[in-house]
Structure formats: structure tokens, C-alpha cells
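Colleague: Have a look at this one before I ask anything.
The values are calculated or read from the model by the stated rules, or taken from the named source; none is laboratory data. The model shown is predicted, which means the values in this text are computed figures rather than measured ones. Every residue, glycine among them, receives a Cβ derived from its backbone with ideal geometry; neighbour counts consider all protein chains shown.
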Amino acid sequence: EDQVTQSPEALRLQEGESSSLNCSYTVSGLRGLFWYRQDPGKGPEFLFTLYSAGEEKEKERLKATLTKKESFLHITAPKPEDSATYLCALSRGSYIPTFGRGTSLIVHP
Amino acid sequence: NAGVTQTPKFQVLKTGQSMTLQCAQDMNHNSMYWYRQDPGMGLRLIYYSASEGTTDKGEVPNGYNVSRLNKREFSLRLESAAPSQTSVYFCASSEVHRGLGNEKLFFGSGTQLSVL
């Protein structure tokens, strides 16, 4: 059975304090690992797709990386507007993404 | 650009009542999905439709039915609502390119459902 585990469940940072969110997974035949951002009261919004170990993607203060067992979402010098829940998901042969439970990030000014 | 539109945004039902959640997408996507999101449980797949005319069960289908009305619309029906179905429901769509693996989802803004 596919497993997606995100840690920590919640993270509080000061503005400018860089950190990383973790998504560990067990799956045979990974097709893609996805990161989404979800703001309160809204649906998740797509951020990145990673396909193979060693791949990296960047967008503004966010950088996603992938190994054979886990993915990291690095947040550099975060701002309060980066506060959100970050979701990790993976898909394999079924093409149906399986989601982790998310990390709730709060960035204090 | 509307994307994925869900209605209603909020709904309160009594146990045993029925209702249909509506979802429409204007991106010409083949695949559509219904998820529920509960505190501490993450997003769980209820049903999905890989293409017009097909539907399949997801992880938590009991108590729900779906209809893929056409390529744009995918509805979720609760025939006899139960308190355990209190949740936030999200519809999503994607253009799945088999062989390319680009299954990123586009989500609606959600329906908050309370069953008393």
C-alpha cells in the first residue's frame, strides 16, 4: 500500500527563518511526486511536480527536491504570506494521486 | 478563467436528507475527482472519473454516488446523509497524459457540509 507521511504536522517560523518540510513515501513505481499549497477556506493549488531522484524545482522562495525515499520543500527567508498548509501527493500506475496529511506553516512577522 | 466551480459553498443537512454537490470545469480536462478533507485525515478520494462515461470508486465511496453528466460536469450525491459525512468536499480535474505522468490536479474552492 502506498504511504505518504509528512512532517512536521505544524511549523512556526519567524519571518526570514529558513526551514524545510519533509514528505517521506513508500511506493513501487513512482510516477510523480506533487506539492500543493492550501490556504484556509480554499482548495489546494499546484506548486511542483518531481519525477525522478535528484530532480529539483524552484519557485520564488520555495525549492522542492526528491530522493528515492523522500521529498523536501525548502523555504528560504519566508514571509508571512507563505503561511499555508503544504500538501504532498504521489502517483504511480493508477494515475490517481495519494495525498499526505499536510504541514501547517505559520510565518510570524 | 473560472477553472473548477463547485456549488454550493456551504450546506447544512439533517440526518437522512439527500443532496447533490455540483462541479463543473471549463479546462476541457478528461479526468475529474471528488475528495473529502477532514481534520487530521488529509484528502481522501471518494470517486473519480477518468473520462466521460466512466466512474470508479476511490478510497471512501460508501454512502455516495456520482454522475459524470458530460465532459464538463461531475456531481456527487448523498442519498441519506449521516453525521459521519460532515466534511469539506473538493472537486478536482486534470488532464492525464498517460505516459507523461502529468497528473497535477486543479481544485475547486470546496463545499463545507454539516450533517446534524
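Colleague: Can we say A:Leu50 is within 14 Å of another protein chain (Cβ to nearest Cβ), surrounded by 12 or more Cβ atoms within 10 Å (Cβ to Cβ) and at pLDDT below 90?
Modeller: no
Colleague: Now for a separate question. Does B:Leu21 meet the test of being farther than 15 Å from B:Thr111 by Cβ and out of contact with any helix residue (DSSP H, G or I) (no Cβ under 7 Å at 6 or more places or on another chain)? Explain how you work it out, then say what you get.
Modeller: Details: farther than 15 Å from B:Thr111 by Cβ: no; out of contact with any helix residue (DSSP H, G or I) (no Cβ under 7 Å at 6 or more places or on another chain): yes.
No, not satisfied.
Colleague: Which residues, taken from the stretch A:53-109, are away from chain B (no Cβ under 14 Å), assigned to a loop (DSSP other than H, G, I, E, B) and crowded, with 16+ Cβ neighbours inside 10 Å?
Modeller: Initial filter on the stretch A:53-109 (away from chain B (no Cβ under 14 Å)): A:53-54, A:56, A:58, A:60-63, A:65, A:67-83, A:105-109.
Add one more test, that the residue is assigned to a loop (DSSP other than H, G, I, E, B), and what stays is A:53-54, A:60-61, A:67-69, A:76-79, A:83, A:109.
Selection gives A:Pro78, A:Ser83.
Colleague: Can you tell me which of (1) of a type outside the set (Val, Ile, Thr); (2) in a strand (DSSP E or B); (3) buried (at least 20 other Cβ atoms within 10 Å of the Cβ); (4) touching an Asp or Glu at 6+ places or on another chain (Cβ under 9 Å) is the one A:Leu13 doesn't meet?
Modeller: The single condition A:Leu13 does not satisfy is (3).
Colleague: May I pose another question? Mind listing whichever residues of the stretch B:65-105 are at the interface with another protein chain (Cβ under 10 Å from one of its Cβ atoms), at pLDDT below 95 and surrounded by 13 or more Cβ atoms within 10 Å (Cβ to Cβ)?
Modeller: Passing the criteria: B:Ser94, B:Val96, B:Gly101, B:Asn102, B:Glu103, B:Lys104, B:Leu105.
The rows are residues; the columns are (1) among the basic types (Lys, Arg); (2) more than 14 Å from A:His74 (Cβ to Cβ); (3) in contact with a Gly (Cβ under 7 Å, 6 or more places away or on another chain).
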position: A:Gln6; (1), (2), (3): no, yes, yes
position: A:Gln14; (1), (2), (3): no, yes, no
position: A:Ser18; (1), (2), (3): no, no, no
position: A:Thr26; (1), (2), (3): no, yes, no
position: A:Trp35; (1), (2), (3): no, no, no
position: A:Glu45; (1), (2), (3): no, yes, no
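Colleague: Among the residues that make up the stretch B:58-81, is at least one of them under 28 Å from A:Ser52 (Cα atoms), in contact with a Ser or Thr (Cβ under 6 Å, 6 or more places away or on another chain) and in a loop (DSSP other than H, G, I, E, B)?
Modeller: No, the stretch B:58-81 has no match at all.
Colleague: For the stretch A:1-28, what are the residues that are at pLDDT 95 or above and in contact with a Leu (Cβ under 9 Å, 6 or more places away or on another chain)?
Modeller: A:Gln6, A:Ser7, A:Pro8, A:Ala10, A:Leu11, A:Arg12, A:Leu13, A:Ser19, A:Ser20, A:Leu21, A:Asn22, A:Cys23
Colleague: So which residues in the stretch B:48-64 are touching a helix residue (DSSP H, G or I) at 6+ places or on another chain (Cβ under 9 Å) and either surrounded by 16 or more Cβ atoms within 10 Å (Cβ to Cβ) or under 16 Å from B:Gln22 (Cβ atoms) (or both)? Show your work before the answer.
Modeller: Let us first name the residues in the stretch B:48-64 that are touching a helix residue (DSSP H, G or I) at 6+ places or on another chain (Cβ under 9 Å), namely B:63-64.
Answer for the stretch B:48-64, where residues must be touching a helix residue (DSSP H, G or I) at 6+ places or on another chain (Cβ under 9 Å) and either surrounded by 16 or more Cβ atoms within 10 Å (Cβ to Cβ) or under 16 Å from B:Gln22 (Cβ atoms) (or both): just B:Tyr64.
Colleague: May I ask you to verify whether A:Ala89 is at pLDDT below 95, closer than 26 Å to B:Tyr48 by Cβ, of a type in the set (Gly, Ala, Ser) and under 11 Å from the mean Cα position of the chain (by Cα)? So that I can check it myself, show each step before the final result.
Modeller: On the way: at pLDDT below 95: yes; closer than 26 Å to B:Tyr48 by Cβ: yes; of a type in the set (Gly, Ala, Ser): yes; under 11 Å from the mean Cα position of the chain (by Cα): yes.
Yes, satisfied.
Colleague: Residues of the stretch B:1-44 being among the hydrophobic types (A, V, I, L, M, F, W, C), within 19 Å of A:Glu45 (Cα to Cα) and modelled with pLDDT of 95 or more, which ones?
Modeller: B:Val4, B:Cys23, B:Ala24, B:Trp34
Colleague: From B:Leu113, B:Leu45, grab the single residue that is surrounded by 16 or more Cβ atoms within 10 Å (Cβ to Cβ), more than 11 Å from chain A (Cβ to nearest Cβ) and not small (Gly, Ala, Ser). First the steps, then the outcome.
Modeller: On the way: B:Leu45 fails: more than 11 Å from chain A (Cβ to nearest Cβ).
Criteria check complete, one pass: B:Leu113.
Colleague: Within the stretch A:43-50, is even one residue part of a loop (DSSP other than H, G, I, E, B), in contact with a Leu (Cβ under 8 Å, 6 or more places away or on another chain), over 24 Å from A:Ile106 (Cα atoms) and not small (Gly, Ala, Ser)? So that I can check it myself, show each step before the final result.
Modeller: Kept after step one, since they are part of a loop (DSSP other than H, G, I, E, B), are these residues of the stretch A:43-50: A:43-44.
After this cut, where a residue has to be in contact with a Leu (Cβ under 8 Å, 6 or more places away or on another chain) as well, the list is A:44.
Filter once more, so that each one left must be over 24 Å from A:Ile106 (Cα atoms): none.
No, the stretch A:43-50 has no match at all.
Colleague: For the condition touching a His at 6+ places or on another chain (Cβ under 7 Å) and of a type in the set (Asp, Glu), what is the one hit in B:Glu95, B:Glu103, B:Glu79?
Modeller: Numbers: B:Glu103 fails: touching a His at 6+ places or on another chain (Cβ under 7 Å); B:Glu79 fails: touching a His at 6+ places or on another chain (Cβ under 7 Å).
Step by step, each of B:Glu95, B:Glu103, B:Glu79 is checked, and only B:Glu95 is touching a His at 6+ places or on another chain (Cβ under 7 Å) and of a type in the set (Asp, Glu).
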